[in-house]
1. Could the peptides 19-28, 37-46 be put in order, highest first, of the mean number of other beta-carbon atoms found within 10 Å of their residues?
2. Full-extension gain between Ile36 and Gln7, please, as 0.36 nm times their residue separation minus the C-alpha to C-alpha distance.
3. Simple spin-label model, 7 Å along Cα-to-Cβ: Leu15 to Thr52 in nm?
Amino acid sequence: MFGIGMQELLVILVLVLVVFGAKRLPEIGGGLGRAIRNFRQAASEPDEIDITPKDKNKTTDEDKKA
């Protein structure tokens, strides 16, 4: 797993616990999960705004009748 063994993961987890504290870890994990979910959703949705210019030279049926 990316050249990181079990001991390295344990050391990283202990350092994160010391820096952020046990009470903040669920908040950080939840925020990270929401951010990843929102990013995936935004990447898969089509663009909402259509910025293509309309052709002004086209005539409509109403213009032809008048």
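Bear in mind these aren't lab numbers, they're just calculated from the coordinates by the rules spelled out. Because the structure is a prediction, the values reported are computed rather than measured. Because the Cβ atoms are built from the backbone with ideal geometry, glycine has one as well, and the counts that use them run over all protein chains shown.
1. In decreasing order of mean packing, 19-28, 37-46 become 19-28, 37-46.
2. Length difference between fully extended and current span is 7.8 nm.
3. Label at Leu15, label at Thr52, 5.1 nm between them.
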